[in-house]
Amino acid sequence: MGDNVYPDPNGGPGALPLAYAQLAASPAFRAAARTTPIIATLDDNDYGIDKGTGKRLFLDFFRTAIPPDDPRLAPGHQGVYSSSRWGDDLHIILLDARYNASPFLLRPPPQPSTTAP
C-alpha cells in the first residue's frame, strides 16, 4: 500500500505530469511494479485543477496495471473508483470521493462578535 503522486501545488499545469514522470523514473517504484500487483486510485491532490486531465494521466500511467476490460477505461466512466476480488476471501474497493465532489467554496473567516455575551 502506498500513495500515488504529490505534485507541487505551486508548480502550475506541468506539476502533475512531472510528478508522474518522477515516479516512473524511480528505481524503487520500477522494481516494485515488476514484482507486485498494483491497484490504484486518486485522492484530491492527484487530480490537480482539471479532473479530466488528472484522470487521463492516472490511466495512462497505470495502463499496464489496469486490465483492458476495466470499467475505468470505458467512455463516460466518471472517476477512477474500482473494485477488485482476489480469490474468495478478499474484496478491495478503492473509492474516488473527489471526482464528483462539488467545487470548493471559499468563505470569509467568521468575524468576532462585537456584542458582549
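Applying a threshold of 8 Å to beta carbon distances and a minimum spacing of six or more residues, or different chains, the list of pairs starting in the stretch 56-73 at a residue that is at positive phi and ending at one that is open to solvent by less than 50 Å² (accessible area, probe 1.4 Å) and part of a loop (DSSP other than H, G, I, E, B) is empty. If you go through the stretch 77-107 and keep only what is modelled with pLDDT of 85 or more and over 14 Å from Thr41 (Cβ atoms), you end up with Arg85, Trp86, Gly87, Asp88, Asp89, Leu90, His91. Give me the pairs: first residue in the stretch 79-96 and in a strand (DSSP E or B), second residue among the small types (Gly, Ala, Ser) and open to solvent by 70 Å² or more (accessible area, probe 1.4 Å), beta-carbon distance under 9 Å, and six or more apart or on different chains, which are they? Qualifying pairs under 9 Å: His91/Ser83; Ile92/Ser83; Ile93/Ser83; Leu94/Ser83.
One residue stands out in the stretch 39-63 among those that are open to solvent by 50 Å² or more (accessible area, probe 1.4 Å) and either hydrophobic (A, V, I, L, M, F, W, C) or over 16 Å from the mean Cα position of the chain (by Cα) (or both): the one that is modelled with the highest pLDDT, namely Ile39.
Name the residues in the stretch 1-44 that are hydroxyl-bearing (Ser, Thr, Tyr) and touching a strand residue (DSSP E or B) at 6+ places or on another chain (Cβ under 9 Å), would you?
Thr41, the sole residue that qualifies.
When the stretch 1-20 is limited to residues that are over 20 Å from Thr41 (Cβ atoms) and open to solvent by less than 80 Å² (accessible area, probe 1.4 Å), the one that is modelled with the highest pLDDT turns out to be Gly14.
The values are calculated or read from the model by the stated rules, or taken from the named source; none is laboratory data. As the structure is a computational prediction, the values presented were derived from the model and not from experiment. Note: ideal-geometry Cβ built from the backbone for every residue, glycine included; neighbour counts use all protein chains shown. We work out accessible area using only protein heavy atoms, side chains counted, and drop any ligands, DNA or RNA first. Shrake-Rupley method; radii C 1.70, N 1.55, O 1.52, S 1.80 Å.
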